[in-house]
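Some notes on the structure that comes next.
The values are calculated or read from the model by the stated rules, or taken from the named source; none is laboratory data. These numbers were taken from a predicted model, which means no experiment stands behind them. Ideal geometry is used to build each Cβ from the backbone, glycine not excepted, and the neighbour counts take in all protein chains shown. Quick note on the areas: whole protein, heavy atoms, side chains included, nothing else; ligands and nucleic acids left out. Shrake-Rupley method; radii C 1.70, N 1.55, O 1.52, S 1.80 Å.
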Amino acid sequence: MRAYAIHAGLLAILLALHFTLPAYHHGNLARVMVLASYAMGYNLLFGYTGLLSLGHALFFAAGMYGMGLGIQHLGLSPAPALLLGLASGAVVSGLLAALALRTSGVAFMIVTLMFAQAGYLTVLYFGEVTRGDEGFVIQQAQRVLWGVDLSAEGNRYIAALLLFGTCLMVSLWLVRSAFGRVLVAIRENEDRVRMLGYDVFAHKLAAMMISGGMAALAGAAYGLLFGYVGATFASVQYSIFPLLWVLLGGAGTVLGPFIGTLFMFYLIDLGSDLTTAYMLIAGVALVLLTLFAPQGVMGEVRRRFWRELP
Amino acid sequence: MELGPYLVLATLEGAITAAVLALTAVGLSLVFGVMRVVNIAHGEFFMLGAVLAWWIAQSVAGHPAIGFALALIFAPLLVGALAVAADMTILKRLNYDPERTIVATIGLLYIIQQLTLMGYGPDARPVEAPFNTRLAIPWFERGAEGWQMIWPWGLGTTTYKLAVIGAAAMILCAVWALMTRSRIGLVMRATQADREMALAFGIPVERVYALVFGFGAALAALAAVLIVPIQQAHYLMGGDPLLLSFIVVIIGGLGSLPGTVLAAVLIGLSDGIISVFFSPTLAKIIATLLVALVLVFRPQGLFGGRRT
């Protein structure tokens, strides 16, 4: 119960911030919440199941393009477009899982990386439909969901908070359920789980589809809330980002992805004021984290203060 | 031009790609074979080699050949030294754990790339070739009076391009000799075969690892110095060699040197020819998918099984 109370407390604080934050940080926090939902999806696979994917941008982009192309070319309204994004993410992650889960460890990382790269190139190749690198803007009129204009600052923040809250609670519930326990057991000792009679492949497949679905939903929401769909979101960089956020915040903790995304977002935001080479910060952070703090922020909290932290 | 001379030209360009690719990929393959480390930053070592070559060449006065020769010696040495330092400060402390080293080398990739952007800037800069005489290639055609020799317009190459192919072949032979005929190669192969046993026999495994990592990076840098008079040095130029080297190493069989060279020739030649007839993006999509599928269904590589 205490765990639910703490996570609900975070959501309450975020809601309170909606009324108090200055406009600039208000907008940033909305972005951070959507990206943190992406990171939470990544964390389910990496932190809890122990599968390090280097290709999650494929799912993020699948959701974003599923939504964006649905609106642009099929004339869908936002609600079915979001669902289309979610569905395309689930399908793509299911297909990739069926192939990539035949490998493990380093091979899994490279296979996911290669598929994501192929996906990125495919977006560029069909430039006439996707507008390639340039991307396309989703007009304000197309972003009205059930009478609520999502391009307005306040509505956008609340929508991001709703998405974030849903993903947070689903993650929390999932990792405390019997299913989530099996995922952690797979991370710790796959052979023993198999020996105990669990279907390891089915569990991994389900984990990857949930993870991919959550990433896709975040991607679709990002496109819808901020009105832009572009190939950058399918590039390698967007596969590395969730890894970085989750590592920083703490892999295998429910709150970690949000903490990591928040810190990294502001760090890069500050850095890009100083230099164009802002990805340097990401590189340094990755190296330092793997060297000195593989547990991340919340991992340290769990180790030192509160062992039951979910 | 007709199809025939066109194909000759594509093959020649492909052979240059293959030569440079073979050097880069052998570096990657060595690091993976001996250390079991997947070095994502390999492409950045390549880029650094090219940028250093430009820096050395432009700071030396006199004939371009002097600057180029100096670059040929010092750029790989500097890059190798940097890689050794990275190995000792980062990879060694991670205990060469495969997954964590990948994350660390991704970090290294961004560090090298972005520092280059800060120091060198976003421009592409050329290095002058030491010698660059144009050679026209004759073509035989059946005319009214039987076979005759013609010189089709545009069919030609330069001495420098041919020299690149020759130099790469020589370096590859030297690497092969080093690995199979020398004591240091023996030590490397022993470490590759069984790390623990090598340690038990008194081989300083950690020093071997540092050396191999530096050597792999130096090979990439050497390849870059060779290519930089043809392409220009740019801070983002590491992406393509990385991707292509991955493709080559995986198709050739992880850690197998002859397989790697064979695959480099195959990929280099077909890349040149496919890109002429189809869109380069499509060629890349097919290649990446091919690699992923090879890894899934034939992890030992298409020519796998043999180990050196």
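In the range B:241-273, what residues are in contact with a Leu (Cβ under 8 Å, 6 or more places away or on another chain), within 14 Å of chain A (Cβ to nearest Cβ) and under 30 Å from B:ASP123 (Cβ atoms)?
B:LEU244, B:SER245, B:PHE246, B:ILE247, B:VAL248
Can you tell me which residues in the range B:89-102 are more than 7 Å from chain A (Cβ to nearest Cβ) and closer than 22 Å to A:MET279 by Cα?
B:THR89, B:LEU91, B:THR101
Would you say A:LEU248 is without any contact (Cβ under 8 Å) to a residue 24 or more places away in the chain, closer than 30 Å to A:GLU188 by Cβ, in a helix (DSSP H, G or I) and open to solvent by 10 Å² or more (accessible area, probe 1.4 Å)?
no
Scanning the range B:225-240 for residues that are modelled with pLDDT of 85 or more and part of a helix (DSSP H, G or I), which turns out nearest to the other protein chains (Cβ to nearest Cβ)?
The selected residue is B:ILE227.
Report yes if some residue within the range B:131-152 is aromatic (Phe, Trp, Tyr) and at pLDDT 85 or above; otherwise report no.
no
For the range A:289-303, which residues satisfy the criterion of being open to solvent by 40 Å² or more (accessible area, probe 1.4 Å) and within 14 Å of chain B (Cβ to nearest Cβ)?
A:PHE292, A:PRO294, A:GLN295
I'd like the full set of residues that are in a helix (DSSP H, G or I) and out of contact with any Gly (no Cβ under 9 Å at 6 or more places or on another chain), limited to the range B:89-102.
Answer for the range B:89-102, where residues must be in a helix (DSSP H, G or I) and out of contact with any Gly (no Cβ under 9 Å at 6 or more places or on another chain): B:THR89, B:LEU91, B:LYS92, B:ARG93, B:LEU94, B:ARG100, B:THR101, B:ILE102.
Yes/no matrix, rows are residues, columns are (1) free of Cβ contacts under 8 Å to residues at least 60 places away in the same chain; (2) surrounded by fewer than 23 Cβ atoms within 10 Å (Cβ to Cβ); (3) not aromatic (Phe, Trp, Tyr):
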residue	(1), (2), (3)
A:GLY9	yes, yes, yes
A:LEU14	no, yes, yes
A:PHE19	yes, yes, no
A:MET33	no, no, yes
A:TYR38	no, no, no
A:THR49	no, no, yes
A:ALA79	no, yes, yes
A:LEU96	no, no, yes
A:ARG102	yes, yes, yes
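Within the range B:115-129, identify whether any single residue is within 25 Å of A:LEU274 (Cβ to Cβ), β-branched (Val, Ile, Thr) and modelled with pLDDT of 85 or more, and answer yes or no.
Checked against the condition, which is being within 25 Å of A:LEU274 (Cβ to Cβ), β-branched (Val, Ile, Thr) and modelled with pLDDT of 85 or more, the range B:115-129 yields at least one hit.
Is the range B:35-44 home to any residue that is touching a strand residue (DSSP E or B) at 6+ places or on another chain (Cβ under 9 Å), open to solvent by less than 40 Å² (accessible area, probe 1.4 Å) and hydrophobic (A, V, I, L, M, F, W, C)?
No: the range B:35-44 contains no residue that is touching a strand residue (DSSP E or B) at 6+ places or on another chain (Cβ under 9 Å), open to solvent by less than 40 Å² (accessible area, probe 1.4 Å) and hydrophobic (A, V, I, L, M, F, W, C).
Listed here are the residues, each with its yes/no results for (1) away from chain B (no Cβ under 14 Å); (2) hydrophobic (A, V, I, L, M, F, W, C).
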{"position": "A:GLY89", "(1), (2)": "yes, no"}
{"position": "A:ARG102", "(1), (2)": "no, no"}
{"position": "A:TYR120", "(1), (2)": "no, no"}
{"position": "A:PHE126", "(1), (2)": "no, yes"}
{"position": "A:ILE158", "(1), (2)": "yes, yes"}
{"position": "A:LEU163", "(1), (2)": "yes, yes"}
{"position": "A:VAL182", "(1), (2)": "yes, yes"}
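Limited to the range A:107-128, what total is found for residues that are open to solvent by less than 30 Å² (accessible area, probe 1.4 Å) and of a type in the set (Ser, Thr, Tyr)?
Residues in the range A:107-128 being open to solvent by less than 30 Å² (accessible area, probe 1.4 Å) and of a type in the set (Ser, Thr, Tyr): 1 in total.
Matching residues to (1) under 22 Å from the mean Cα position of the chain (by Cα); (2) within 8 Å of chain B (Cβ to nearest Cβ); (3) open to solvent by 40 Å² or more (accessible area, probe 1.4 Å); (4) within 21 Å of A:SER239 (Cα to Cα):
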site	(1), (2), (3), (4)
A:TYR266	yes, no, yes, yes
A:ASP269	yes, no, no, yes
A:ASP273	no, no, yes, no
A:ALA277	no, yes, no, yes
A:GLY283	yes, yes, no, yes
A:VAL287	yes, yes, no, yes
A:PHE305	no, no, yes, no
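Please tell me if B:VAL208 is surrounded by 18 or more Cβ atoms within 10 Å (Cβ to Cβ), at pLDDT 80 or above and away from chain A (no Cβ under 14 Å).
yes
Examine the range A:192-210 for a residue that is β-branched (Val, Ile, Thr), part of a helix (DSSP H, G or I) and open to solvent by 40 Å² or more (accessible area, probe 1.4 Å), and state whether such a residue exists.
yes
Give the range B:274-291 a look and list any residue that's surrounded by fewer than 14 Cβ atoms within 10 Å (Cβ to Cβ) and either part of a helix (DSSP H, G or I) or at the interface with another protein chain (Cβ under 9 Å from one of its Cβ atoms) (or both), or say none.
B:PHE277, B:SER279, B:PRO280
Does the range B:117-130 hold any residues that are touching a helix residue (DSSP H, G or I) at 6+ places or on another chain (Cβ under 6 Å) and away from chain A (no Cβ under 14 Å), and which are they?
Hits for the range B:117-130 are B:ARG125, B:VAL127, B:GLU128, B:ALA129, B:PRO130.
Assess whether A:ARG131 counts as being of a type in the set (Lys, Arg), within 10 Å of chain B (Cβ to nearest Cβ) and open to solvent by 50 Å² or more (accessible area, probe 1.4 Å).
When the stated conditions are applied, A:ARG131 does not pass them.
Under 19 Å from the mean Cα position of the chain (by Cα), of a type outside the set (Ser, Thr, Tyr) and away from chain B (no Cβ under 14 Å) - does that describe any residue in the range A:230-248?
Yes: the range A:230-248 contains one or more residues that are under 19 Å from the mean Cα position of the chain (by Cα), of a type outside the set (Ser, Thr, Tyr) and away from chain B (no Cβ under 14 Å).
Results for (1) within 14 Å of chain A (Cβ to nearest Cβ); (2) free of Cβ contacts under 8 Å to residues at least 60 places away in the same chain; (3) open to solvent by 20 Å² or more (accessible area, probe 1.4 Å); (4) in a helix (DSSP H, G or I), shown as yes or no for each residue.
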position: B:ALA69; (1), (2), (3), (4): no, no, yes, yes
position: B:VAL79; (1), (2), (3), (4): no, no, no, yes
position: B:ASP87; (1), (2), (3), (4): yes, no, no, yes
position: B:ALA104; (1), (2), (3), (4): yes, yes, no, yes
position: B:LEU115; (1), (2), (3), (4): yes, yes, yes, yes
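For residues in the range A:154-170 being open to solvent by 40 Å² or more (accessible area, probe 1.4 Å) and over 16 Å from the mean Cα position of the chain (by Cα), which is farthest from A:HIS18 (Cα to Cα)?
Looking at residues that are open to solvent by 40 Å² or more (accessible area, probe 1.4 Å) and over 16 Å from the mean Cα position of the chain (by Cα), I get A:ASN155.
List the number of the failed condition for A:ILE71; all other conditions in (1) surrounded by 24 or more Cβ atoms within 10 Å (Cβ to Cβ); (2) within 21 Å of the chain's Cα centre (by Cα); (3) of a type outside the set (S, T, N, Q) hold.
Checking A:ILE71 against (1) surrounded by 24 or more Cβ atoms within 10 Å (Cβ to Cβ); (2) within 21 Å of the chain's Cα centre (by Cα); (3) of a type outside the set (S, T, N, Q), the one that fails is (2).
Given the criterion within 10 Å of the chain's Cα centre (by Cα) and in contact (Cβ under 8 Å) with a residue 12 or more places away in the chain, identify the matching residue among B:ALA22, B:ALA41.
B:ALA22
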